[in-house]
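The block underneath contains the structure these notes are about, expressed in structure tokens.
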Amino acid sequence: MEINRALIDKFFAELDDRSRETLDTAIDNVVEAKKRGGKVAVVTGSGPNIHEGVTTLVAELITKGLVDGVTTSSAVINHDTVIFQALA
């Protein structure tokens, strides 16, 4: 899979300053945790917290080794098994 850097840069540029800073901090935290041999988990609920398709993106992060676990609501478990297939 080829990374579309232009698209990523476009999305990043469209964020407000606070969101860009928050995203950069989150990325730095994940990188540092992984460098130390730590684990990264996604903590999410259902409804407006997790939009259709986001579970596929989370599953990709699991597949790539960036996310090690997920905690979520029963609604996500009942309706979208893609995350759990990636963890298996």
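Odds and ends about this structure:
- Label positions at Ala13 and Val31, each projected 7 Å from the Cα along the C-beta direction, are separated by 2.1 nm.
- Highest-first packing order for the peptide set 63-69, 53-59, 37-43 is 53-59, 63-69, 37-43, based on the mean count of other beta carbon atoms within 10 Å.
- FRET efficiency for the pair Thr71 and Asn4, taken as 1/(1 + (r/R0)^6) with r the Cβ-Cβ distance and R0 = 30 Å, rounds to 0.50.
Read-outs throughout are calculated quantities, based only on the coordinates presented, and are distinct from any laboratory measurement. Since the model is a prediction, treat every value here as computed from it, not as a measurement. Every residue, glycine among them, receives a Cβ derived from its backbone with ideal geometry; neighbour counts consider all protein chains shown.
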